1. If you filter segment 25-86 for trypsin sites (Lys or Arg not before Pro), then keep DSSP loop positions with at most 12 other Cβ within 10 Å, what is left?
2. So what are the ³J(HN,Hα) numbers for segment 67-79, from phi and the Karplus equation (6.51, -1.76, 1.60; θ = phi - 60°), rounded to whole Hz, Gly and Pro as x?
3. Would you please give the residues with an amide H less than 5 Å from that of Ser136, counting only those at least 5 places away or on a separate chain, with H modeled from the backbone geometry?
4. Starting at the first residue of segment 91-107, write each ³J(HN,Hα) from the Karplus equation 6.51 cos²θ - 1.76 cosθ + 1.60 with θ = phi - 60°, in whole Hz, x for Gly and Pro.
5. Could you work out the helix-only [θ] at 222 nm for the chain, with each DSSP H run of four or more residues adding -39,500 (n - 2.57) and the total divided by the number of residues, to the nearest 500 deg cm²/dmol?
6. Which net charge results when you count Lys and Arg as +1 and Asp and Glu as -1 among the other residues whose beta-carbon is under 15 Å from that of Arg72?
7. Per residue of segment 24-40, what does 6.51 cos²θ - 1.76 cosθ + 1.60 with θ = phi - 60° give for ³J(HN,Hα)? Whole Hz please, x for Gly and Pro, Karplus curve as stated.
8. Toward the positive end of the charge dipole of the chain, about the Cα centre and with charges on Cβ (Lys, Arg +1; Asp, Glu -1), which of Met1, Asn203, Met66 goes farthest?
Amino acid sequence: MILAPSLLSANFGNLEKDINMINESQADWFHIDVMDGVFVPNISFGQPVIKFIKKLAKKPLDVHLMIVDPDRYFEDFKNAGADLITVHYEACTHLHRSISSIKQYGMKAGVVLNPHTPISVLEDIIVECDLVLLMSVNPGFGGQSFIENTYNKIKQLKELIIRKNPSCLIEVDGGVSINNYKKLIQAGADALVAGNAVFASENPIDTIAKFKE
């Protein structure tokens with residue numbers, strides 16, 4: 001199981017300390033949420049912060065673009081240090097072109113589905129995807145309650161992946177905790193994004209180790 005702590009929940013007053021903590025932990029990726037205040041009702045950070053993270057990070061950067069017209073920025077995020085980029089199905093008019101463009105820049109490419117978007121929309125694009133990220137909360141803010149229907153969506157997505165692209169990973173983002181992570185893995189998830197569950201805990205390194213058990 002891949003664990004990707006979300007830096008949206010890190011301490012921005014001492015980001016270097018939290019980056020080093022993840023480097024030293026059993027976590028696998030850094031999950032970075034890029035928000036524009038248009039596609040989602042929040043603004044986070046962009047390329048300058050990601051460049052800073054990349055200089056310190058010893059693990060891949062999993063960059064989740066919650067922005068309109070993401071295609072304009074793929075080269076910028078590649079130059080900033082992204083290893084994997086996920087774009088929202090809901091934000092891409094020409095999704096196949098978007099996925100192809102990400103790969104042309106030498107990055108892995110994934111599609112994100114909001115909670116209300118059915119798995120069936122991936123039928124024709126799943127063969128091109130390295131990863132599908134299922135939002136288990138409505139995107140935009142950390143600390144929201146987990147949407148229970150996510151388990152059903154993971155199972156549906158797993159069936160589609162087995163049929164069409166067995167190497168594609170399933171990632172889940174939102175409300176992931178020590179209480180539900182095993183159930184998510186049992187349903188078919190390969191990667192989990194954890195924000196508050198890691199950074200709000202008394203000992204983040206121990207919490208990450210518990211996830212990795």
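Rule-based calculations on the coordinates, nothing more; no lab input. For clarity, every value in this text was computed on a predicted model and none was experimentally measured. Counting neighbours? That spans all protein chains shown, and the Cβs are built from the backbone with ideal geometry, glycine included.
1. Numbers: sites: Lys51, Lys54, Lys55, Lys58, Arg72, Lys78; in loops: Lys58.
Filter output for segment 25-86: Lys58.
2. Those phi angles translate into 9, 7, 6, x, 4, 5, 10, 4, 5, 4, 6, 4, 5 Hz.
3. Here Asp173, Gly174 satisfy the definition.
4. Using θ = phi - 60°, the values come out as 9, 10, 5, 10, 5, 4, 4, 4, 4, 4, 5, 4, 5, 4, 7, x, 10 Hz.
5. One gets -9500 deg cm²/dmol as the mean residue ellipticity at 222 nm.
6. -3
7. Karplus-based 3J(HN,Hα) across segment 24-40 equals 7, 8, 8, 4, 9, 10, 9, 9, 10, 8, 9, 10, 10, x, 10, 5, 10 Hz.
8. Sorting the options by dipole projection puts first Met1.
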